[in-house]
Amino acid sequence: MNDDYLWDCAGPPDPEIERLERTLAPFRYRHSALPERPRGAVGYGWRLAAAAAVVLGAVALCRAVAPLPTATPWRVAGLEGQAHVGTRTAAIDMTVPGGQTIRTDSGSTLTLRAEETGRIALGPDSAMHASSGRSVALEHGLLHAFIWARPGQFVVETASARAIDLGCEYTLSVDEAGDGRLAVSMGWVAFQYNGRESFIPEGAECTTRKRGGPGVPFFEDAPERLREAVARFDGEDWATLPVILRNARERDALTLWHLLTRVSGTQRGLVYDRFAQLVTLPPEVTRVAVLRADTHSIDLCWNALGLENTEWWRGWERKW
């Protein structure tokens, strides 16, 4: 290429530049009020157009090329059998890139660790990806989490609910349809989906359905008839409500409190009456206020459970 011709049209014309000028000539800017520009000025205009085309091409190329995944704080801390991180075979001390899927096969388990967050163990036939050190998504399979980050800092997304750690250890399973089950062995977990909340303390569990989100929590040692009735209630068989109320122990007031926010009208009145038999309520709580779903009164009902004061988890909720 002749550099002199490119910059000031001096010297012999470059064939490639001349060909480009002829191709783009129909689109040349013209204005009748201005005198015809000298050849050098016209060449300078096309040089600007060519430079702009190069810049636009570079921008398009940058957009077309996917950015390299950012490494997360998670590292492979334990491995039995064979698992994969993206397209790579997992190995001890391997860093997990953000967004890449981690898969275990039917005979393998994998443990991840992030120093400031906690430890995650994936069971066989599981698929999960981590977008950061504080957020992962379980597509299907079994996940056991032991979290030492501050409450509210670690989240597991699923197709039917978001599990938010409130300082705890728990096991979460999700099937191929997106339905799941969460059991808490230490601390608390909040289950959320489309405005529906379930608070699950140590020793309790809760199912979640892709169609309806988190269900009603119950303690693992609850009477079998109550557990069966709750499962049917979560499946929208509300006729099981009397069975839940008849079989509820004092400890099962946790389940009844969640029912106060899931039913209305006469059913809420039945739940409140049984709740008031199992729990000593403060004098400021009235049946009328609870039936009209007064938030403050329902919070006071929670406080009467003797688990954690609502100021604790409402404070967490505001931060979230």
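Contact annotation: residue pairs with Cβ atoms under 7 Å, 6 or more positions apart or on different chains, pairing a residue in segment 118-141 that is within 11 Å of Asp175 (Cα to Cα) with a partner that is part of a loop (DSSP other than H, G, I, E, B) and β-branched (Val, Ile, Thr), are Leu138/Thr158. Within segment 271-301, how many residues turn out to be assigned to a loop (DSSP other than H, G, I, E, B), more than 37 Å from the chain's Cα centre (by Cα) and not charged (D, E, K, R)? Adding up the residues that qualify gives 4. Name the residues in segment 228-243 that are more than 26 Å from the chain's Cα centre (by Cα) and over 14 Å from Leu256 (Cα atoms), would you? Listed by number, the residues that qualify are Glu228, Arg232, Asp237, Ala239.
Restricting attention to segment 56-93, and to residues there that are part of a loop (DSSP other than H, G, I, E, B) and small (Gly, Ala, Ser), which single residue is modelled with the lowest pLDDT? Here the residue is Ala66.
Criterion first (buried (at least 17 other Cβ atoms within 10 Å of the Cβ) and either in contact with a Cys (Cβ under 7 Å, 6 or more places away or on another chain) or part of a loop (DSSP other than H, G, I, E, B) (or both)) does Ala159 satisfy it? Yes, satisfied.
Per-residue answers, yes or no, for (1) closer than 18 Å to Ile298 by Cα; (2) in the same structural domain as Asn303 (by TED's automatic domain parsing); (3) modelled with pLDDT of 95 or more:
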residue: Ala183; (1), (2), (3): no, no, yes
residue: Val189; (1), (2), (3): no, no, no
residue: Glu205; (1), (2), (3): no, no, yes
residue: Arg211; (1), (2), (3): no, no, no
residue: Arg227; (1), (2), (3): no, yes, yes
residue: Thr240; (1), (2), (3): no, yes, yes
residue: Ile244; (1), (2), (3): no, yes, yes
residue: Ala248; (1), (2), (3): no, yes, yes
residue: Arg251; (1), (2), (3): yes, yes, yes
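Does segment 254-266 contain any residue that is farther than 17 Å from Arg196 by Cα, surrounded by 14 or more Cβ atoms within 10 Å (Cβ to Cβ) and among the polar types (S, T, N, Q)? Among the residues of segment 254-266, not one is farther than 17 Å from Arg196 by Cα, surrounded by 14 or more Cβ atoms within 10 Å (Cβ to Cβ) and among the polar types (S, T, N, Q), which makes the answer no. Filter segment 203-229 for residues that are over 18 Å from Leu143 (Cβ atoms) and acidic (Asp, Glu); which is surrounded by the most Cβ atoms within 10 Å (Cβ to Cβ)? Once the filter is applied, the top-ranked residue is Glu228. Taken over segment 172-215, the residue count meeting the criterion of being outside any strand (DSSP E or B) and small (Gly, Ala, Ser) is 7. Residues that are touching a helix residue (DSSP H, G or I) at 6+ places or on another chain (Cβ under 8 Å), touching a residue at least 12 places away in the same chain (Cβ under 8 Å), over 17 Å from Val271 (Cα atoms) and assigned to a strand (DSSP E or B) occur at least once in segment 216-227.
Of the residues screened, Ile147 is not one that is buried (at least 23 other Cβ atoms within 10 Å of the Cβ) and over 22 Å from Arg75 (Cβ atoms).
The values are calculated or read from the model by the stated rules, or taken from the named source; none is laboratory data. Computed from a prediction, not measured in an experiment: that's the story for all the values here. With ideal geometry, Cβ positions are generated from the backbone for all residues, glycine too; neighbour counts draw on all protein chains shown.
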